[in-house]
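Undergrad: Structure below; questions to follow.
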Amino acid sequence: MGRTLTKVPRSPEFVEGIINLRGKVIPIVDLRKRFHLPRVESTKSTRIVVVDVEGKTIGLVVDSVSEVLRIPAETIEPPPPIVAGIDSSYISGVGKLEDRLLILLDLAKVLTGEEKHLLAGVA
């Protein structure tokens, strides 16, 4: 993943640790663990995507990033009741881009209020 990850004792199991990014301490969340998906080993493709969630900066461990896209709002549809085994409450919509369908996570709902509070104590 490229940065030194520091483990934090007694943090939630889905928190991989913290990193220092440009002088700011950022908690790192493993989305596979958060969604109870099977564990896979990190590879050269594994990335940390840094996002802002309700004013807090967090890093999300993802398997890979193939590209960064801008999806026009008019091409986004509400999520179906279940998508790829993930509860649709975590999904803000499905973006249609050319011949592809892209699942869009609702980052504000990926973590519960209690989990966000715990993360604030980690960083």
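Laboratory data are not the source of any read-out in this text; all were calculated from the coordinates shown. Predicted, not measured: the structure shown is a model, and the values here were computed from it. FYI the Cβ positions are ideal-geometry reconstructions off the backbone, even for glycines, and counts take in every protein chain you see.
Undergrad: Between K33 and E77, what length in nm is gained on full extension when 0.36 nm per residue of separation is reduced by their alpha carbon distance?
TA: Separation in residues times 0.36 nm, less the Cα-Cα distance, equals 13.1 nm.
Undergrad: Let me ask you something else. Using Cα atoms only, what is the angle between the long axis of helix 113-122 and the major principal axis of the chain, expressed in degrees (0 to 90) to the nearest 10?
TA: Roughly 40 degrees, rounded to the nearest 10.
Undergrad: Here is a further query. Could you give each residue of segment 94-100 its phi-based ³J(HN,Hα) in whole Hz, using Karplus coefficients 6.51, -1.76, 1.60 with θ = phi - 60°, and x for Gly or Pro?
TA: 10, x, 9, 10, 6, 9, 10
Undergrad: Less than 19 Å apart at the alpha-carbon level, and either on another chain or at least 8 residues along: which aspartates and glutamates does that give for K96?
TA: E67, E74, E77, D106
Undergrad: Turning to a different aspect of this structure: Compute a Gaussian network model of the chain, connecting alpha carbons closer than 10 Å, and tell me which residue from I71, I58, I103 fluctuates the most.
TA: Fluctuation is largest for I71.
Undergrad: Answer with a single label: of [x] 1.99; [y] 1.07; [z] 0.97, which was calculated as Rg/Rh (Cα atoms, Kirkwood Rh) from the structure in view?
TA: Computed from the coordinates, Rg/Rh (Cα atoms, Kirkwood Rh) corresponds to [z].
Undergrad: Estimate the FRET efficiency between H117 and T4 by the formula 1/(1 + (r/R0)^6), using the beta-carbon distance for r and 35 Å for R0, to the nearest 0.05.
TA: 0.85
Undergrad: Now for a different question. Of the peptides 26-34, 114-122, 94-102, how do they stack up when ordered by the mean number of other Cβ atoms within 10 Å, highest first? Numbers along the way, then the final one.
TA: On the way: 26-34: 19.9, 114-122: 14.0, 94-102: 11.7.
Descending mean neighbour count gives 26-34, 114-122, 94-102.
Undergrad: Something else about it: Setting aside same-chain residues fewer than 8 positions from K24, which aspartates and glutamates have a Cα under 19 Å from its Cα?
TA: The reachable aspartates and glutamates, counting only those whose Cα sits under 19 Å from K24, are E16, D52, E54.
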